[in-house]
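Visitor: The following block contains the structure, expressed as structure tokens.
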Amino acid sequence: RKANIGVVGLGVMGHNLALNFERHGYWVAVYNRTAEKTRNMIASAGPERRLIGTFSLEELCANLERPRRILLMVQAGQAVDEMITSLRPFLQSGDILIDGGNSYFQDTERRHETLKGAGILYVGMGISGGEEGALWGPSLMPGGPLQAWESLAPMLRDIAAKAEDGEPCVDYIGPRGAGHYVKMVHNGIEYADMQLIAETYDLLKRALGLSAPQLAEIFAEWNQGELQSYLIQITAEVLRKIDEETGQPLVDLIMDEAQQKGTGKWTSQNALDIGAAVPTISAAVDMRILSALKQERVQASQVLRGPTQTFRGDPEHLLHLTRKALYASKIIAYAQGMGLLRQASQEYGYNLKLDRLAAIWRAGCIIRARLLSDITLAYQREPGLVNLLLAPVFREALASHHNALREVLKIGLDLGIPMMGMSTALAYYDAYRSARLPANLIQAQRDYFGAHTYRRLDREGIFHTQWT
Ligand code: 6PG
């Protein structure tokens, strides 16, 4: 009996995705570089499962129906190239190779180009949702040849998360590296969202002196309203967790050094490359970098001065303001991410459908949130929307929330609490709604020192002035 799909790489993600396919009635051939993992998986799954353990790539390929479908779940980077090279002799024209890792989209473009000549259909597929998602329903972002999508669609729809309206959280994203591009930006938004939540936590902790379990209750309550999202939900659960050994909240014992595997950084880098402003995503990357300077920060905390005052306002009011500030900044961060996608779509010819992207992020993925239903609707109503902030629903939300964001930032400033995510969000909002920015002065300075010329408001043409 031949398998419908092969999975290469049985780490947590590969293992769980294979079981997800199997649960939906597909036969799955599995392979791992170290045979023991494969044997363990087959043994622990039990004999009645539709799993075929294979112990060489040749054996894997021999056990797959044609055209073959192979999902690579190996570490992004060189391991993917190595695996493609090893698999290549056993593949034929029409076979579909899917990279489900967090690969850099330009690598996917290159691999796609290389394999195209041999008729191998290369799919770069973003997968979000962590281990749980992989097993019970991830959000899937496949890009590559349309022909490959047509062959994969029924299976991917089966294993994907289902949104509230029952729609599977997967759709064809676009050609070549589009799937991995979109996953990269998903992660950039994820970074921003996490940073905004972390700032909120920091402010409430420092201003009000609340304990982690008290903060857990606040986030749990917020999760009932417009902020409802997976990241807020898990924040409440994290804050509630008590370390068994010490009896203290576990979060208080965790080293404050954030690590990163690169997707957030790539988002910022690429945004700079194509000229899209994503300051809140970049702030999230910068704050991870600053957090990693633990030793330096500890030393600097002894010598660098800041304000000494404490918060004297009404705690209930601060909670109210902070909830609104978090929602406002979250909308603005998502607007930046969607703006980047819009621009990249033109830059790379990806033909992205922003309403579809928001729709498949409604469930399964890390950034799933109530907000995404509104974003989906906003783009459905107006596919050419130039900036999410201009959609009526968000224009109104910001009209009623931007003052809270200002108030919260003022409090943070007074207390010396770094709120780079929220402050960049507000600055982006204020810049975008400014008919006139001080770039006139920048142009004049450029012309002064470098004869770079400028244009005028009152006349057509290109001008240069002898400033002295
Ligand atoms: C997801 C996540 C996931 C990624 C984490 C970790 O959508 O399921 O984005 O793909 O592994 O976000 O990323 P960092 O290590 O860079 O924080």
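The values are calculated or read from the model by the stated rules, or taken from the named source; none is laboratory data. Worth saying up front: this structure is predicted, and the values here are computed from it rather than measured. All Cβ positions, glycine included, derive from the backbone under ideal geometry; neighbour counts span all protein chains shown.
Visitor: For segment 166-184, state whether one or more residues are crowded, with 16+ Cβ neighbours inside 10 Å, within 16 Å of the ligand (Cβ to nearest atom), basic (Lys, Arg) and assigned to a helix (DSSP H, G or I).
Guide: The answer is yes; a qualifying residue exists.
Visitor: For segment 104-129, what are the residues that are of a type in the set (S, T, N, Q) and either surrounded by fewer than 24 Cβ atoms within 10 Å (Cβ to Cβ) or at positive phi (or both)?
Guide: Within segment 104-129, Gln106, Thr114 qualify.
Visitor: Further question: Please tell me if Arg312 is basic (Lys, Arg), within 16 Å of the ligand (Cβ to nearest atom) and modelled with pLDDT of 95 or more.
Guide: Criteria not met by Arg312.
Visitor: Let me ask something else. Of the numbered conditions (1) within 26 Å of the chain's Cα centre (by Cα); (2) more than 14 Å from the ligand (Cβ to nearest atom), Gly100 fails exactly one; give the number of that condition.
Guide: (2)
Visitor: Please verify whether Asp286 is on the phi < 0 side of the Ramachandran plot and loosely packed, with under 12 Cβ neighbours inside 10 Å, treating the condition exactly as stated.
Guide: Criteria not met by Asp286.
Visitor: For segment 246-274, give me the residue count where each residue is aliphatic (A, V, I, L, M), farther than 15 Å from Gln343 by Cα and not in a loop (DSSP other than H, G, I, E, B).
Guide: Final tally of qualifying residues: 3.
Visitor: Would you confirm whether or not segment 317-330 contains a residue that is in contact with a Lys or Arg (Cβ under 8 Å, 6 or more places away or on another chain), surrounded by fewer than 22 Cβ atoms within 10 Å (Cβ to Cβ) and under 30 Å from Glu164 (Cβ atoms)?
Guide: no
Visitor: Scan segment 113-129 for residues that are within 9 Å of the ligand (Cβ to nearest atom) and aromatic (Phe, Trp, Tyr) and report the count.
Guide: Result for segment 113-129: 0.
Visitor: Take Ile159 and tell me if it is touching a residue at least 24 places away in the same chain (Cβ under 8 Å), among the β-branched types (Val, Ile, Thr) and more than 16 Å from the ligand (Cβ to nearest atom).
Guide: No.
Visitor: Among the residues that make up segment 210-219, is at least one of them within 16 Å of the ligand (Cβ to nearest atom), in the same structural domain as Met422 (by TED's automatic domain parsing), within 25 Å of Ala192 (Cβ to Cβ) and part of a loop (DSSP other than H, G, I, E, B)?
Guide: The answer is no; no qualifying residue exists.
Visitor: Applying the selection to segment 186-241, what residues are within 22 Å of Glu132 (Cβ to Cβ) and either touching a His at 6+ places or on another chain (Cβ under 8 Å) or β-branched (Val, Ile, Thr) (or both)?
Guide: The answer is Ile189, Ile197, Ile232, Ile234, Thr235, Val238.
Visitor: Just checking, how many residues over segment 130-144 are more than 11 Å from the ligand (Cβ to nearest atom) and surrounded by fewer than 24 Cβ atoms within 10 Å (Cβ to Cβ)?
Guide: Of the residues in that region, 3 qualify.
Visitor: Output the residue which, of all residues in segment 221-270 that are more than 15 Å from the ligand (Cβ to nearest atom) and basic (Lys, Arg), is surrounded by the most Cβ atoms within 10 Å (Cβ to Cβ).
Guide: Only one residue tops the list, namely Arg240.
Visitor: Check whether at least one residue in segment 427-434 is within 16 Å of the ligand (Cβ to nearest atom), more than 30 Å from Thr310 (Cα to Cα) and surrounded by 15 or more Cβ atoms within 10 Å (Cβ to Cβ), and report yes or no.
Guide: no
Visitor: Of the residues Leu385, Leu409, which is in a loop (DSSP other than H, G, I, E, B) and either within 16 Å of the ligand (Cβ to nearest atom) or assigned by TED's automatic domain parsing to the domain that holds Gln228 (or both)?
Guide: Leu385
Visitor: Find all pairs meeting these conditions: Cβ atoms under 8 angstrom apart; at least six residues apart or on different chains; first residue within segment 238-265 and closer than 26 Å to Asp286 by Cβ; second residue more than 16 Å from the ligand (Cβ to nearest atom) and among the β-branched types (Val, Ile, Thr).
Guide: Taking only residues 6 or more apart or on different chains, the pairs are Val238/Val251; Leu239/Val251; Leu253/Thr246.
Visitor: At least 1 residues that are closer than 19 Å to Arg1 by Cα, among the acidic types (Asp, Glu) and in contact with a helix residue (DSSP H, G or I) (Cβ under 6 Å, 6 or more places away or on another chain) in each: list the helices (runs of 4 or more DSSP H) lying fully within segment 31-142 that qualify.
Guide: Fully inside segment 31-142 and qualifying: 57-62.
Visitor: Separate question: Please pick out the residue among Val285, Val278, Val386 that is in contact with a Phe, Trp or Tyr (Cβ under 8 Å, 6 or more places away or on another chain) and touching a residue at least 40 places away in the same chain (Cβ under 8 Å).
Guide: The conditions single out Val285.
Visitor: Can you name the residue in segment 1-32 that is among the β-branched types (Val, Ile, Thr) and without any contact (Cβ under 8 Å) to a residue 40 or more places away in the chain and is also surrounded by the most Cβ atoms within 10 Å (Cβ to Cβ) among such residues?
Guide: It comes out as Val30.
Visitor: Among the numbered criteria (1) loosely packed, with under 15 Cβ neighbours inside 10 Å; (2) within 27 Å of Ala216 (Cβ to Cβ); (3) more than 15 Å from the ligand (Cβ to nearest atom); (4) of a type outside the set (A, V, I, L, M, F, W, C), which one does Gly275 miss?
Guide: (2)
Visitor: Going by the conditions given, is Ala427 part of a helix (DSSP H, G or I), of a type in the set (Gly, Ala, Ser) and within 30 Å of Leu319 (Cβ to Cβ)?
Guide: Yes.
Visitor: Quick one: count up the residues across segment 281-340 that are out of contact with any helix residue (DSSP H, G or I) (no Cβ under 8 Å at 6 or more places or on another chain) and either of a type in the set (Phe, Trp, Tyr) or not in a helix (DSSP H, G or I) (or both).
Guide: Counting residues in segment 281-340 that are out of contact with any helix residue (DSSP H, G or I) (no Cβ under 8 Å at 6 or more places or on another chain) and either of a type in the set (Phe, Trp, Tyr) or not in a helix (DSSP H, G or I) (or both) gives 8.
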